[in-house]
Every structure is written in C-alpha cells, then in structure tokens.
Amino acid sequence: MERQTFTWGLSGSKIRRTERWIEGLWLLGLLLAALLLFSVNLATVPLQDWREGTIALVAREIATVSMESWQWLYPKLDGKSYLEEAPLLPSLIAGAYKLGGFNEWTTRLPGAILSAFSVPLLYSIGRELFPSRQSAIFSGLIYLTFLPLACTGRFAIADGTALCLVLLMMWCILRSRRDFRTSLGVGIGLSLICFTKGILLGLLILAIALLFLCWDTPRLLKSGYWWLGLLLGSVPVAAWYAGGLLQYGESFLTIGIDSQSLQRHLSPIEGQSSAPWYDLGETLLFSAPWLLFWPYGLRLAWEHRNWGWAKLVLIWTSVYVFAIALTLIKLPWYSLPIYPVLALAGGAQLAEVWNWPSRKSYPRIWSMGLMLLALGAVGISIYFGIRGSSDRSLAVIFASLALTMAMAAVLVARRDLQFILILFWGTYISLLLFMTSPYWVWQLEAAYPVRDIGAILRLRTPESQLIYASFPSERPALKFYSERQVIPASNSELKQHWEQDKDPYLLLDNNTFKELDLEPGQKIASAIGWLLIARDSN
C-alpha cells in the first residue's frame, strides 16, 4: 500500500510518475519541433561548393568501398588521403548513402538529426542546472529559435554534429555530480568531439569542464569514474592519431591537426580575415531577439554566482569569448558553441521575469529593441515585396517576423508576460517559413546552376572524361553532381587544351566563350549562361 505523503491525496510515487511523464512530454515536444525545423526542405537547395561538396565527395568514396579498406576511419578523396576533415560525419553520411542513394537529402540528414537532438540535450542540461523546470524550458526554446543553429545544423558540415556532442558531454558532466557512473560518458563524448571537429575543440570544451568542476564540484575530480571516463575517451583518439602517424607519417599530424583545428582557427582562409572581434559581432547579430536578454542573464548569473548554473554560464562565456577573440577565421559557425550558454543565460532571465511582481516595469531597451527589429523587418518585407514575384516568399517571412516583434514590443511596454510566449511562437514560425523557402542557404555563393550543369556533364560526356572549366577555383559540388573531374583553368590554358588535346571538353561561361574565339566546335548543351563544347568530329 502506498504511503500517504501530502494532504491532497497524491502519494510520493504517483508524483514522481507524473513528473517523469511531464518530463518525457517536454523532451518529446522539443525533439519533434527541432526535427521539423532542421529536416524540412533539405533537398531543394544544391550543396554548397566549399564544405558540403567536399564532404559529400569524401562520403561517396567511403560508401563505394568495403569496410576493410578503413576509409571510414581514414577518409580519401580521389583515391588520395584526405586529412582535412575528421572522419565521423563523412562516415555517417556514407551510411545514409547506402540506405537512400546519393542526393542532397541523404547528405544533409545525418547532421540535421544530430543537430535536432541537441535541443532536448540543452533542455536536459537546464534541468540539471536550474532548480525549476521553467528556466530549462525557456533555455531550450531560446536555443531552438537561434537562426545560426537552425541553418548550420541543416548543412552537411560537422559543426552542428559537434555541438550536439558538446552538449552530450556537458550533460554527462552535470549528471555525474549526482551519479559518478555518468562520468564514463564524459570520455565518450570527448572522443566523439575529437572525431568530429578535431582535437582543439575537444581540449577547449574539456578546459571549460575542468574549470567548472574545480569551482563547483571539486570532489568529482577525485572520483575514479571521472578519470576512467577520460581515459576511455582518450584511448580511441590517441589510437586514431597513432594509426594515422604510422600510415601517413608526419603529414598526418601537420595536415590533420593543423587543418582540422589550428589552421582553421588561427589563420585566415579565403580572404575572410578581419578584426579579432568580428566573430563575436556575428554571434551577437544573429542571436536577435534573444540578445536583448543576454546581458541581463549574465548580470543575474553574476549576482547568483554561488549557483551551479551561474558558474557554468560565467566560465563558459569567459573562456569561449576569449577563444573567439583569438580567432582570425571569420566564419559564423565557429562561434556556435557560445550559443548554448547564451540560451541558458537568457532562459534564466526570462524565468526571473516570469516571476517578477506584476507592478515591476521591464527595461525600456527591450521594447525599443523589439520595435527596431520590427521596423527593420517591415522595411525588408516591403523591399522584397516590391522586387517581384520570385522574392515574395521572403516578403511573407519578414512580415511574419515583423508582426512577432511588434506584438512583443507592445506587450513588453504593457508589462504583459505573454510577450515571452509570442516571441517563442512567432520566431519559431518565422524560422519554419524561412526553412521551407529556397533562401535558407543564404551563404550559397554559387554563380551557376550547379545541379543543371552537373546533370549535363554526367549525361553528355564520356565517363572519366576530363572537363576544363572557366572557374577561378575548384567546384566540389559540381564534381559531386556530375561524377566527372572538372578542372578550373585560365583563358590561356583553356585555349591550349582546345588546340592540343585530342578530344577536349570545355565548360565555359558566355563571356569567356566570346573572348576565346575558338575555332568552330560542337556546342553540346547549355544552361543559364554556360556552354559545354567539344571539338566537332566532322
């Protein structure tokens, strides 16, 4: 017989069952919302030329060879060792290729699913840190509606996957404060991070974890489970580097470690170097509207720095902002690991606001900032509405965002707590509309219809044919779609190949075709400003 605990008739076991049921519903709800946002409309936009195209090529090679070749652990590109990317994500994509074929959907799906799982993981971290579920819910919803996380998590790149593993490792660390056995998962998470983004990110997250534990739970550092977990995580990584060193020599270390970690974080690439605080500015810009609450969340953390959540927020923010300041690569996704701590700080602040006295006024900067965002969104919506029918979807998206921000601004001015719900719901709907449009890959810089040209090259050229193109650099995405070797060449090189090669195939833009003034040849096919030509056999 169950023991009566409270006067209203519920036993302790029934309360615990109810709590577990509510907890499961929140986890499931956040996961489903994230899966919808991260997986909708993945296949309508072609792969990016830079990172997505290269990873897709590496994954395709893994999928077409046997497991005994060990390419799933030491990837190759064009039959040569490819050490610039850690092997975990290409191997997962290769598995998706074997199940669903070679296409954009299977290329992006593994990373999108793992990125979606990071949302309930962030909520679980909040449950370990905060005394109330409310703060964890708000943190999870803020994290879900960060624009850079939603977009980057959908790309076939390792950053969203790595962020999921970072949160898994952090959850294991926090959980181990109550159950030492969970420390074993810390090492597993650490090794998976290293197999996804390289050793530098793993060491950075480990440093944050150690500083937090030294401040919050130093007794955990004396636990055998903790050090056993780190040992279990370090052994696979050390074995992988040792195997690579034996197989490839010093180049595995100089190319592998530098390319995966040090070079990308400490040297400029593709002309994207600028001021040291550029990345931090990008992070803050794309975190709107939640940026408005982050400084107040940091102040709240400082005021409550004896609490575990405040210690983690302060340490994580300080260490990672310092790391961003040292970074000379200016790409927004390298700032991604700062977003979970922004969500935790913002969630704590919103939960604090939810429990404020009804007469207490809100900071004026909140209503002013939201109104400025609304006005900006209105202007952008009008601009795209005037431009033409092809951009009408963007006009609708920004109109939705403007309505959300305007309503929230009015509710803040009226001290109405419903502004929090409006912000969550409206921002999520606006993001969902954005992801269903063809514009969600705003970084896509391809100046040509890559899928159409790829299909032409695949269908209209002999297999294994070398194709010379008037590109300034290689186009991995075109190589993926065409299944041909497409080599960039200057005008003089193109003319030389045309005159000297036996059966030349050239892919030229219209301007280059006119400038070269080639002798009569056979125009095989064309696609929006591009021509595929070969020497006329007659």
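The values are calculated or read from the model by the stated rules, or taken from the named source; none is laboratory data. Just so it is clear, the structure is predicted and the values come from calculations on it, not from any experiment. With ideal geometry, Cβ positions are generated from the backbone for all residues, glycine too; neighbour counts draw on all protein chains shown.
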_Where the second residue is not β-branched (V, I, T) and the first is on the phi > 0 side of the Ramachandran plot and lies in the stretch 40-58, which pairs have Cβ atoms under 7 Å and are six or more apart or on separate chains?_
N41/M435
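For F419, indicate whether it is at pLDDT 90 or above, part of a helix (DSSP H, G or I) and touching a helix residue (DSSP H, G or I) at 6+ places or on another chain (Cβ under 9 Å). Steps first, please.
Details: at pLDDT 90 or above: yes; part of a helix (DSSP H, G or I): yes; touching a helix residue (DSSP H, G or I) at 6+ places or on another chain (Cβ under 9 Å): yes.
The answer is yes for F419.
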*When you go through (1) within 23 Å of the chain's Cα centre (by Cα); (2) within 30 Å of H304 (Cα to Cα); (3) crowded, with 19+ Cβ neighbours inside 10 Å one by one for A207, which number turns out not to apply?*
(3)
*Got at least one residue in the stretch 64-71 being out of contact with any helix residue (DSSP H, G or I) (no Cβ under 9 Å at 6 or more places or on another chain) and either part of a helix (DSSP H, G or I) or surrounded by 21 or more Cβ atoms within 10 Å (Cβ to Cβ) (or both)?*
yes
_It is to be established whether one or more residues within the stretch 139-152 are free of Cβ contacts under 8 Å to residues at least 60 places away in the same chain, closer than 23 Å to W215 by Cβ and under 19 Å from the mean Cα position of the chain (by Cα)._
no
*Has the stretch 55-62 got at least one residue that is more than 22 Å from the chain's Cα centre (by Cα), at pLDDT below 95, assigned by TED's automatic domain parsing to the domain that holds P236 and part of a helix (DSSP H, G or I)?*
yes
*For the stretch 211-226, which residues satisfy the criterion of being surrounded by 14 or more Cβ atoms within 10 Å (Cβ to Cβ) and in a helix (DSSP H, G or I)?*
L211, F212, L213, W215, D216, L220, Y225, W226
*Considering only the stretch 112-149, state which residues are of a type in the set (S, T, N, Q) and in contact with a Phe, Trp or Tyr (Cβ under 6 Å, 6 or more places away or on another chain).*
S115, S124, T145
*Identify, from the list R175, R154, the residue that is basic (K, R) and within 21 Å of S335 (Cβ to Cβ).*
R154
*Would you check which residues across the stretch 293-315 are among the polar types (S, T, N, Q) and in contact with a helix residue (DSSP H, G or I) (Cβ under 7 Å, 6 or more places away or on another chain) and list them?*
none
*Can you name every residue in the stretch 351-397 that is part of a helix (DSSP H, G or I) and either in contact with a Lys or Arg (Cβ under 6 Å, 6 or more places away or on another chain) or on the phi > 0 side of the Ramachandran plot (or both)?*
none
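Rundown of residues vs (1) within 20 Å of Y143 (Cα to Cα); (2) aliphatic (A, V, I, L, M); (3) assigned to a helix (DSSP H, G or I), yes/no style:
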| residue | (1), (2), (3) |
| --- | --- |
| R16 | no, no, yes |
| W21 | no, no, yes |
| W26 | yes, no, yes |
| F38 | yes, no, yes |
| A43 | no, yes, no |
*Check the stretch 474-483 and report whether any residue there is at pLDDT 80 or above and more than 29 Å from the chain's Cα centre (by Cα).*
no
*Return yes or no: is I380 at pLDDT below 95 and among the β-branched types (V, I, T)?*
yes
